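Reading through the structure tokens given below for one structure.
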Amino acid sequence: MDTHSVIDVFTPAKPARISFVEREAINTKLVNALQTPGKQMVIYGHSGSGKTTLLENKLCQLYENHLTTRCMSGMTFEQILRDAFDQLGQYYDATVKTKDSYSISGEIAGDYFGIRAKLGAASDVTSMVEKRPVLPPELTPQRLGRYIGAAKCCWVLEDFHKVSQDHGKKLSQIMKVFMDLANEWPTLKVVAIGAVDTARLVVQYDAEMSNRISEIEVPLMSSFEIREILAKSEDLLNISIDSVVKREITLLSNGLASVCHSLGLGLCRAKGVLETANNKVGIGEEELQKAIRDYIEDSSDSLKGVLDKALYRKRHGQFDNFRIVIEGLAKLPQEGGTKGDIYDAIRSYHHKYPQSNLVHCLKELQSEDRGEFVRYDQNSGRYSFSNPFYRAYALAYLNKDRTSTKKLIKTDTSYNITLKAENIAKIIDAMLSVQNRREEDAN
């Protein structure tokens with residue numbers, strides 16, 4: 001049996017490799033788009049759905065090389081071009097050392113090095129004057145496309161939705177340029193990765209792109225796929241996770257691979273498993289409770305930050321809308337409810353609350369500006385908290401009129417508690433107890 005480090009098996013902060021789970025529902029569409037010359041791509045979905053992990057693994061299978069630019073708010077078109085140009089250096093420098101390592105022609109390589117020399121000189125000047133990068137006029141999108149194509153790369157733009165509208169339009173136009181270069185460089189393409197509305201943004205920026213890109217939605221992982229991560233990890237580390245614990249991790253992950261990996265890593269550390277065990281190691285409820293507490297403590301600031309985003313009140317009107325809607329949703333079970341269910345819950349304590357306010361808030365709570373706090377399932381018509389831990393924080397923060405922990409365990413509706421990690425863990429434990437009882441009753 002091969003020995004694997006636990007941090008290579010459970011990878012909450014980087015794309016999974018050895019524990020990668022194939023996403024059969026979208027594999028064919030993704031592979032077809034990657035293998036179609038000139039086809040530009042937009043991959044979109046909820047944060048944590050596994051977009052980057054899926055793409056990275058497919059690119060490793062199908063491409064010799066790829067560049068990845070991680071877009072950030074405030075980045076300019078010029079900075080993004082410069083990032084790709086700089087990353088190409090590793091491939092062009094290799095041609096000098098090995099002569100034919102990447103089969104880049106001498107003419108193109110010479111052209112690349114010429115522009116790099118100009119960029120170096122420009123950087124020396126601008127560093128004394130201002131921070132903004134200056135690109136020589138020779139570095140056009142067409143030229144960049146030739147350099148990327150000659151290196152047999154594709155160009156991945158992560159978090160495309162964070163780029164401002166003006167610069168996003170220019171990046172959309174680069175996709176058209178790359179399409180036109182596909183006859184000469186068949187592997188050349190841009191793959192934009194972003195939030196749920198990214199495909200719509202690309203088309204808005206340039207209407208001609210509507211029929212010229214492949215739009216691929218990466219859904220949240222199914223319960224079966226989450227369990228597959230755990231099953232693969234059991235084999236790789238020679239561990240046995242209790243079936244109830246696996247069910248509870250699946251519930252807490254709520255389709256988010258990153259949460260599953262975080263809790264899995266916490267399980268192993270709680271048990272002292274740091275690499276593949278010589279003898280089978282059993283992992284149970286005690287380790288899960290420790291993993292949950294560690295996850296909450298490690299993520300406390302970010303979880304509170306998302307709650308702050310969701311509750312933020314832009315102006316003071318008659319209703320504190322987002323607080324009211326979140327409280328109404330929190331009164332429902334973890335799987336959430338329809339718009340009507342939420343409205344009924346709200347009307348139980350806000351008789352005059354207008355339904356139009358609910359519609360607006362539910363839509364906004366799904367946006368990145370509100371931390372994607374709420375998720376909508378088109379198949380069931382239900383709204384729910386994107387992450388069960390969000391619900392725990394909402395219960396702790398909003399329902400201050402309740403005083404009994406037992407009340408929560410019984411009804412799974414509210415909890416009077418401060419935002420301390422150990423207390424949030426109690427809420428999670430109560431939620432799991434309710435879910436386990438439901439499953440036992442169903443069986």
Check your understanding: What full-extension length gain, to one decimal in nm, is calculated for His360 and Ala13 as 0.36 nm per residue of separation minus the Cα-Cα distance?
Key -> 121.6 nm
Study note, to complete from the structure: The set of residues whose placed amide H lies less than 5 Å from the amide H of Ser240, leaving out same-chain residues fewer than 5 positions away, is Val281, Gly282, Ile283
**Study point:** Glu372, Glu217, Glu138 arranged by Cβ crowding within 10 Å, fewest neighbours leading
**Key:** Glu138, Glu217, Glu372
Review point. What distance in nm separates the simple spin-label points at Ala117 and Glu138, each placed 7 Å from Cα in the Cβ direction?
Key: 0.8
Study note, to complete from the structure: As a percent rounded to 5, the proportion of antiparallel DSSP bridges among beta bridges in the chain is 20
Check your understanding: So how far, in whole Å, is the C-alpha centre of region 321-336 from the one of region 379-400?
Key -> 6
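Sorting Val31, Val281 on the 10 Å Cβ count, fewest up front, what's the list?
Arranged by neighbour count, lowest to highest, Val31, Val281 become Val31, Val281.
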Check your understanding: What is the spread of the Cα atoms of region 223-304 along each of their three principal axes, largest first, in whole Å?
Key -> 40, 26, 19
Check your understanding: For the chain, what's the relative contact order in percent, using C-alpha pairs closer than 8 Å and at least 6 residues apart?
Key -> 17
Point to revise | Mean residue ellipticity (222 nm) of the chain, computed from DSSP H runs ≥ 4 via -39,500 (n - 2.57), nearest 500 | key: -17500 deg cm²/dmol
Exercise for review: Provide the gained length on full extension for the span Arg313 to Asn32, in nm with one decimal, where the gain is 0.36 nm per separating residue minus the Cα-Cα distance.
Suggested key: 96.7 nm
Review point. If you bin every alpha carbon distance in the chain into 20 Å steps from zero, what whole percent lands in each bin?
Key: 22, 48, 27, 3
Exercise for review: Mind checking which of Leu188, Gly106, Pro388 is farthest towards the positive end of the chain's charge dipole, using Cβ charges of +1 (Lys, Arg) and -1 (Asp, Glu) about the Cα centre?
Suggested key: Pro388
Point to revise | Separation in nanometres of the label points that stand 7 Å from Cα toward Cβ, at Ala25 and Asp369 | key: 2.9
Exercise for review: Compute the FRET efficiency between Ser433 and Lys280 as 1/(1 + (r/R0)^6), taking r as their Cβ-Cβ distance and R0 = 41 Å, and round to the nearest 0.05.
Suggested key: 0.90
Review point. Taking the Cα centre of the chain as origin and charging only Cβ (+1 Lys, Arg; -1 Asp, Glu), how large is the dipole, in debye to the nearest 20?
Key: 1140
Revision key, fill the gap. Checked region 285-336 against the a/c 1.5 cut and the a/b vs b/c comparison, axes a ≥ b ≥ c from its Cα gyration tensor; verdict oblate
Revision key, fill the gap. If unit charges are put on Cβ atoms (+1 for Lys and Arg, -1 for Asp and Glu) and the dipole of the chain is taken about its Cα centre, the option from Gly337, Met75, Tyr295 lying farthest towards the positive end turns out to be Gly337
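Bear in mind these aren't lab numbers, they're just calculated from the coordinates by the rules spelled out. Owing to the predicted nature of the structure, the values given are computational and were not obtained by experimental measurement. Methodologically, a virtual Cβ is constructed for each residue, glycine included, from the backbone with ideal geometry; neighbour enumeration extends over all protein chains shown.
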